1. So, in the range B:316-333, of the ones that are assigned to a helix (DSSP H, G or I) and more than 22 Å from the chain's Cα centre (by Cα), which residue ends up farthest from residue B:349 (Cα to Cα)?
2. Inspect the range B:668-675 for any residue being touching a helix residue (DSSP H, G or I) at 6+ places or on another chain (Cβ under 6 Å), within 30 Å of residue B:97 (Cβ to Cβ) and surrounded by fewer than 24 Cβ atoms within 10 Å (Cβ to Cβ) and give the result as yes or no.
3. Which one of the conditions (1) more than 27 Å from the chain's Cα centre (by Cα); (2) within 23 Å of residue B:192 (Cβ to Cβ); (3) touching a residue at least 40 places away in the same chain (Cβ under 8 Å) does residue B:65 fail to meet, given that it meets all the rest?
4. So which strands (runs of 3 or more DSSP E) stay within the range B:650-742 end to end and still have 2 or more residues that are within 8 Å of chain A (Cβ to nearest Cβ)?
5. Just one of B:91, B:118 is farther than 30 Å from residue B:743 by Cβ and surrounded by fewer than 15 Cβ atoms within 10 Å (Cβ to Cβ); which is it?
6. Counting only residues that are touching a strand residue (DSSP E or B) at 6+ places or on another chain (Cβ under 9 Å) and within 11 Å of chain B (Cβ to nearest Cβ), which one in the range A:19-30 is surrounded by the most Cβ atoms within 10 Å (Cβ to Cβ)?
7. Can you tell me which of B:217, B:202 is touching a strand residue (DSSP E or B) at 6+ places or on another chain (Cβ under 6 Å), in contact (Cβ under 8 Å) with a residue 40 or more places away in the chain and under 24 Å from residue B:394 (Cα atoms)?
8. Just checking, which of B:312, B:281 is surrounded by 15 or more Cβ atoms within 10 Å (Cβ to Cβ), assigned to a helix (DSSP H, G or I) and out of contact with any helix residue (DSSP H, G or I) (no Cβ under 8 Å at 6 or more places or on another chain)?
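The values are calculated or read from the model by the stated rules, or taken from the named source; none is laboratory data. Bear in mind the structure is a predicted one, so any value in this text is a computation, not a measurement. Counting neighbours? That spans all protein chains shown, and the Cβs are built from the backbone with ideal geometry, glycine included.
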């Protein structure tokens, strides 16, 4: 199956939030009471019931003017997905499109994925004791449709298609924009399936990691220690087995004879 | 400018984005850096209410630098026309035009010089000091960079950057367009704001061409449809005029409103007026009345009186109305000066409130500050169907009539508006038949066969297709027109076939051609674009006669007939006829017919004597402004507006240059909410995104007032106040107005008390899933309107902002 990519071009996004709402509508996610904290951004962060969030950010343009930037923040659908690696129950897994699907039924609420994700995406719902995140509308893409957010986007900032085609578009656009513009995502974590075209350097954007990686602790645990520990556990079992074969069960025979002998007096 | 398309017309912004991909430049001029500004190539700030100064400066720049599309200006506009030498302009007449008397203009000096045959005298060299072009130059010579910058607060370099970029479109073959909305209309000089841009577009040759035009982004998805079908007091469907009391006969009426011209080559399409008025009368009364009788049944206006929204609520406040149908609206939040509007409603005996959701209007009697025990108004709330729960059409900003099918049934007792009106009509008719009454026939003779007829002579339900066909029109008898025989009952193919003798009907001549023997043109969904310039002529239908770009005769050279823009032609002569878009009354190349066929003289009006407040736009300050004097002239405010504050009441107070209200305030929208929020505040997903009424203010102003981002503050004008959340942002910056610092703030107008947690809920009330906070922005706005349209000035008035509890 061809890998699919959701391409998001920040230079075309107007922060209208059709995508944020389309996601809620398609996935029937409830709304919660919010308050305006001095920004259009609401809810304030990704939540178990908010799987994509438009982040609003104002920066100075260096000339006394202002830049107003909008970023569609959602699961990056990593190839080398830390969350899939750590998930003990297999609730998080890769689909044939390269996206990371989420099976709520299997989630045990351990929150390991939350610690693992370099993009701080999954969110925990204490009432359900489960996490939630964007699944790139698997039910839609598996039926030849584009994700709900992509369909709703009026300016074409969001697009969806085959990975190679989307990456080609991304690089073309970054080149067109010039300056500090770049493609973000294809060089990290094995390549993400949500790719950004960033008009500014990654470091300018709020909460966007410049160098996202699967955390060393997980690599250490999953790639080294866990196999080692399994090896060690296996070694202990194997060792015990061999010991039993070679030496037999523990010899407590002398004591028993003595007892029966003494018992006869 | 005058709009924020990215936030409020996001689908239109899809096409702006595409245009930019193709190399177009986007210019955003706005008091506040908006979502549109964030995508623009050039952004310039200006103080709310100073658009004419800004654009007047652009006109001066165009003329000073010879950037006009010369041939276009000479042949297609009234720039060469000679004006009456007694005509005086504000620069030499204390800030007003000649003829001002008691707040109204006698326009006799705003006329053209004519020869012995009545033909307008022209100077094609554009040099005569009395020709329109030279008067234009003289008038705008006062709009130099310095004074414009001091009025608008826009730095000179920013003015120049905008002027330089936009006027490039004056080059032959280049085009620019303007997308404007309420940022321009909602001012006491609203119409003149738009006029200034229309003049710029004419000077640059941008009307009637691909990528040009003056494009109104309508404020509501079907307001184009409602104005086309005459929701406003001064017009009948198809922009015919509402008869005045002083016009007793149909002949007098037609004579008054049928324009005449002596220009030999002008088509003067409105000369067909009598065909359209006759056909309209037939649509209302069929053969139940003669044309003369039918004319007599039409509602009349008293001469000299206006019946606008402001007039209605002014009279209602004085207790002059017994009852009020509030249909698909929320005046308690949408009307200027909400305290006045809400108080006005307490004077009614009854109100019928037709709406989809619960609103501040239906509940006005138990709103904040109201004592229900003292209010006698009986409110009948009728639930109506939403747009997807009924079949019908919507007309958009591009004049496209698009048919919509019914997707679901309305819930509970909710009914389409048309069905409610039908029930009312039959009941009122019955009462008139039984009891008689003044002009009873106006109702009893009305035809109402818009559905399958029952045995009782009433239709069993409304069939919107039959209404659409009535709007298109029928032949009421066998008739031969243009050599062709049309049988009685045939749908009229287009308005070209409509008659003035009562043999045809048409509920709206502009829509004649929309539903014909070929079918429902508005329901077409052809996706091919044969034009190559994005006309999509097979998608739905647009008026007139599916012509997508009106005045397209101006898109070609007047002599050769060749398109100005070879790469994006709108129409082309193929040797025997025009191909491309539907040609707009364009004669063969070189025939000399001027292309603006709806104007009596056939040319675009650079000089516009039809306006109530002047043939040239002039900068006047808003009714409430931060400056003591108008820097442009001794006349501070538009002299031709109808004032309610002079003999008005407490609620009509104004505060200008008042230290209690030192900041300019404007109102605007957000993507997430719609109008007064009646439809959107009840939607949890939308309320979650924008839960609270807010005020946006500059970092500098916040510092001055000790306000922190996210803090609750009070914004107030002399008429009312609202509690809101402060958004402190660099997207507003203080203005330097004539050397003084003037701060501006802005508030959205989507909020109302009905969905707030603070109101008193009683048994049976529905509580919103997500509460919003804040009441209507219009509590602050002034009760004053434009001189031509009376649209309220909600975009520039004076307020103060204080921390809560100060």
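1. Ranking the qualifying residues of the range B:316-333, first place goes to B:317.
2. no
3. The number of the failed condition is (2).
4. Filter on the range B:650-742 gives B:720-729.
5. B:118
6. A:20
7. B:217
8. Only one candidate passes the filter, namely B:312.
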